[in-house]
Amino acid sequence: MKAYDEAAGEFLGKLDIVPVPLVSWDIYSLNFQELCMNSKDVISIQNIAQRNRWVYDKLDSLSAQDTGVVVITDIKLTIVHATSNIVSMTGYKSEEVIGKSPKIFQGKKTSQETLVKIRTAIERKIPFEAVLINYKKDGSTYNCQIKAEPIFNNRGQLVNFIAFEKEVA
């Protein structure tokens, strides 16, 4: 074994690459599934955008930045897509919220005043930012920062809403 290690060391020393210790593969593998899910989420969002002919210049930056949870609704505010990382924030898997209203996350402590402001922005078809007390699947609360905006198609028609959500302190 010692001869093999020495030969491998000599060979690798001649290469222009730096070998990565096996322990780093263990660390990488912990995030590998998350990376795959993020990639699938971006592809799904791009498919929705293409199908609905979005005119949205921020689409390319979705994979390049930490966008938190991305929720897309149709114009009736029915959830059509939620990124897989929604489970870490809400306890719901994305497939559990698709077809439902974002009201699934609201409860007694959710500010009605803030909901009116959100509803007004939606009716006016303008972007909005808000922080709401939302509810997880287990009934516990969390502060949800929402940055949302309407999405229009190439004919200027409203086709979706996109919301970027993060749990904040």
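Structure summary
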{"read-out": "Count of region 96-123 residues which are surrounded by 11 or more Cβ atoms within 10 Å (Cβ to Cβ) and in a helix (DSSP H, G or I)", "value": "13"}
{"read-out": "Val131 being part of a strand (DSSP E or B) and within 21 Å of the chain's Cα centre (by Cα)", "value": "yes"}
{"read-out": "Search result, residues across region 124-157 that are among the polar types (S, T, N, Q) and surrounded by 14 or more Cβ atoms within 10 Å (Cβ to Cβ)", "value": "Asn134, Thr141, Gln145, Asn153"}
{"read-out": "Glu165 being crowded, with 18+ Cβ neighbours inside 10 Å, under 21 Å from Tyr56 (Cα atoms), under 20 Å from the mean Cα position of the chain (by Cα) and not hydrophobic (A, V, I, L, M, F, W, C)", "value": "yes"}
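No value in this document is a laboratory result; all are computed from the given coordinates. Since the model is a prediction, treat every value here as computed from it, not as a measurement. With ideal geometry, Cβ positions are generated from the backbone for all residues, glycine too; neighbour counts draw on all protein chains shown.
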